[in-house]
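The values are calculated or read from the model by the stated rules, or taken from the named source; none is laboratory data. As the structure is a computational prediction, the values presented were derived from the model and not from experiment. Glycine gets a Cβ as well: all are built from the backbone with ideal geometry, and neighbour counts include every protein chain shown.
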């Protein structure tokens, strides 16, 4: 069973992890397509090919289900220490690209707008985003301590530029070119990071 759902399952017979996966996947897909207004446990159950009772055995309602589904499939940006700032930032960028180019991309775009209106989802989403920001800031601070970039570098501006640039690049790519973007994602991550680090060093000469 995915970690996000484990705490909500009642004691008793172990749940089928395949059913958990199907429900999580169905919830993310449905939310991405229909948004909160079109999100219901009945629709998730139909898409997952399970009875609604199977969902209620695991989640108390649709807010809790969506919060767990997003945590499992969308919010997966984590700290990574490759030994260099360049390597860390490339890994960070690749993680962002996977989120916004993967199967959950529609849900990722929607939740940024709709989360404030969904209390349980908003709370979980805020916690997850804060943990991701802390992980990203840790990468940059390690680079500063190693002397890879000047110590007066603004961590906030660097990450705003990097993450904002990656997401904006995805959002402005025409639908017909998304497949090419997916294929070129690793190269793009390297080029974006190299461009940004060069600009940071040049600005502090």
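Going by what's in this entry, would residue 86 be described as surrounded by fewer than 18 Cβ atoms within 10 Å (Cβ to Cβ), in a helix (DSSP H, G or I), at pLDDT 95 or above and assigned by TED's automatic domain parsing to the domain that holds residue 165? Considered against the rule, which asks whether it is surrounded by fewer than 18 Cβ atoms within 10 Å (Cβ to Cβ), in a helix (DSSP H, G or I), at pLDDT 95 or above and assigned by TED's automatic domain parsing to the domain that holds residue 165, residue 86 comes out as yes.
Residues of the stretch 36-60 that are outside any helix (DSSP H, G or I) and more than 23 Å from the chain's Cα centre (by Cα): 49, 50, 51, 57, 60.
Among the residues making up the stretch 145-172, those that are within 17 Å of residue 201 (Cα to Cα), free of Cβ contacts under 8 Å to residues at least 40 places away in the same chain, in a helix (DSSP H, G or I) and in contact with a helix residue (DSSP H, G or I) (Cβ under 7 Å, 6 or more places away or on another chain) are 155, 159, 161.
If you check 98, 86 for being in contact (Cβ under 8 Å) with a residue 40 or more places away in the chain and over 24 Å from residue 29 (Cα atoms), only one passes: 86. Of all residues in the stretch 42-80, those satisfying the criterion of being more than 20 Å from residue 122 (Cβ to Cβ) and at pLDDT below 90 are 78, 79, 80.
Only one of these is farther than 24 Å from residue 175 by Cβ, in a helix (DSSP H, G or I) and not assigned by TED's automatic domain parsing to the domain that holds residue 191: 63, 33. Name it. Criteria check complete, one pass: 63.
Exactly one residue out of 204, 152 is over 30 Å from residue 62 (Cα atoms) and loosely packed, with under 11 Cβ neighbours inside 10 Å, and it is 152.
Taking into account only those residues within the stretch 101-144 that are closer than 21 Å to residue 157 by Cβ and touching a residue at least 60 places away in the same chain (Cβ under 8 Å), which is surrounded by the most Cβ atoms within 10 Å (Cβ to Cβ)? Residue satisfying both the conditions and the ranking: 139.
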